[in-house]
Each structure stands twice: as C-alpha cells, then as structure tokens.
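Notes to accompany the following structure.
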Amino acid sequence: QVTLMESGGGLVRPGGSLTLSCVASTTGIELNAMGWLRQGPGDQRELVAAISKGGVTHYGDPVKGRFTISRDYLKNTVYLRMDNLKPEETAVYFCNAGKEMETFYGLGQYWGQGTQVTVSS
C-alpha cells in the first residue's frame, strides 16, 4: 500500500513563495517517480512538476524557472518550492507517484488528498 500526505499549503501574496511537502508511506512498493499536479476552480488537472528516482526533473511550461521540485530519498519525501506565485495559480495541489513514465505525464498510480494554495492579496 502507498499513502501520500501533502502539507505546506496556505495563503500567500502574489509574488510570494511557498514550499509544499509530500511524504510517502509505502509497504514494499518502490516509487520510481513522484510529482505534483494542480487543479484550479473550473480547470482541468495539470502537471506541475515531477522527479524520477534518478533525479531527472520535468516541469510544466507555466512554472519553469519559478518552481523547483526536489526529493529526499531517505525521508521518502518530495518537495515543491514555488517562487513568484501568481493569483491564477490558486489551486489544489496534489502529490502523485508511481512508475516513471506515468508520473511524468501526471498519471502516476498513487495520489494524495491535495493541499490548497491560495495566491491573493
């Protein structure tokens, strides 16, 4: 079984920064890749970033240069550092994990419950 638990969401002003965390609890299952997706009000879920077991990263075009994904393998945790946030990035951010190719397309087998990020002045 795999459980993904996100934390770190909240209210931030435009231009501000926030770091999300996702801790994976697994029983004998290896997570080749972990990532983040987001879904704003009325929007489809979109890939934000993903990172492979080997440290290869992939970012959605809207966040390139502003967001950074990283992974602590000992803690089985993935982080998403978000800088220069914009109001339109208000969304629920979901942790996603699974096989590498699937997760890099935002289709990893395992999902967290999501954490709300609100960008507003």
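The values are calculated or read from the model by the stated rules, or taken from the named source; none is laboratory data. Since this is a predicted model, take the numbers as computed values, not measurements. Positions of Cβ are backbone-derived with ideal geometry, glycine not excepted, and every protein chain shown enters the neighbour counts. The accessibility values were calculated without ligands, DNA or RNA, using every heavy atom of the protein model including side chains. Shrake-Rupley method; radii C 1.70, N 1.55, O 1.52, S 1.80 Å.
For Met101 and Ser25, what is the calculated FRET efficiency with R₀ set at 25 Å and r taken between the beta-carbons, to the nearest 0.05? It comes to 0.60. Across the chain, the relative contact order, built from alpha-carbon pairs under 8 Å that are at least six residues apart, equals 36 percent. Other residues within the sphere of radius under 13 Å centred on the Cβ of Glu100, judged by their own Cβ, net out at +1 (K and R +1, D and E -1). In the chain, inverting the average of 1/r over every pair of distinct C-alpha atoms gives 14.0 Å as the Kirkwood radius. Using a probe of 1.4 Å on the protein chains alone, the accessible area found for Asp61 is around 120 Å².
Using the rule -39500 (n - 2.57) for each DSSP H run of four or more residues, divided by the residues of the chain, the 222 nm mean residue ellipticity is -1000 deg cm²/dmol. The range 64-121 and the range 4-37 have Cα centres spaced 5 Å apart. Computed over protein heavy atoms with a 1.4 angstrom probe, the accessible surface ordering of Thr3, Thr26, largest first, is Thr3, Thr26.
Residues Trp111, Trp36 ordered from highest to lowest accessible area at a 1.4 Å probe: Trp111, Trp36.
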